[in-house]
Amino acid sequence: MNYAQYCRIESKAGGASCTVREFVRACHSVLSEAGKARDKRDLRHEWIRAGLCQRQKARDLIARYRF
């Protein structure tokens, strides 16, 4: 997942303070029907995990540089 795509999904999920569940639901909302198919399951999970990794990095930065 590239950063621009992550930003769009994060804003759709409610911003930087969104929960994991909200983030995953937002990921599913941007997928096409083909992307939601059973045979694409492993690729979809890998894509969502990459987004969750970026989410965790962003939350770590927020926690580190919060005043």
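Condition first: modelled with pLDDT of 95 or more and either under 14 Å from W47 (Cβ atoms) or surrounded by 15 or more Cβ atoms within 10 Å (Cβ to Cβ) (or both). Now tell me which residues in the stretch 14-24 satisfy that.
Scanning the stretch 14-24 gives E22, F23, V24.
Mind counting the residues in the stretch 26-63 that are more than 17 Å from Y3 (Cβ to Cβ), touching a residue at least 12 places away in the same chain (Cβ under 8 Å) and part of a helix (DSSP H, G or I)?
Selection size over the stretch 26-63: 2.
Taking the stretch 16-25 as the region of interest, how many residues are in a helix (DSSP H, G or I) and under 18 Å from R59 (Cα atoms)?
Count: 5.
The values are calculated or read from the model by the stated rules, or taken from the named source; none is laboratory data. Just so it is clear, the model here is predicted, and its values are computed rather than measured. Quick reminder, even Gly has a Cβ in these numbers, built from the backbone with ideal geometry, and neighbours come from all protein chains shown.
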